[in-house]
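Notes follow once the structure below has been shown.
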Amino acid sequence: MKKLLVVTLITAFGLFTLNGCSTIAGAGKDIQDVGGAITDKAERAKKKE
């Protein structure tokens, strides 16, 4: 499970840096989207256990 989280975080960080954002609002939206994706993955992992 930790491995999945690490891979997800690395992927999210890579996407965030590659896409970039030109405003603070854009950065906030990107961070919010990444947080939502991580939350979804964690909830799915809990259901599998």
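Data overview
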quantity	calculated
Exclusive hit being at pLDDT 80 or above, surrounded by 10 or more Cβ atoms within 10 Å (Cβ to Cβ) and either of a type in the set (Gly, Ala, Ser) or assigned to a helix (DSSP H, G or I) (or both), set LYS46, LYS29	LYS29
The listed residue being among the aliphatic types (A, V, I, L, M), modelled with pLDDT under 80 and part of a helix (DSSP H, G or I), out of LEU9, LEU15	LEU15
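The values are calculated or read from the model by the stated rules, or taken from the named source; none is laboratory data. For clarity, every value in this text was computed on a predicted model and none was experimentally measured. Methodologically, a virtual Cβ is constructed for each residue, glycine included, from the backbone with ideal geometry; neighbour enumeration extends over all protein chains shown.
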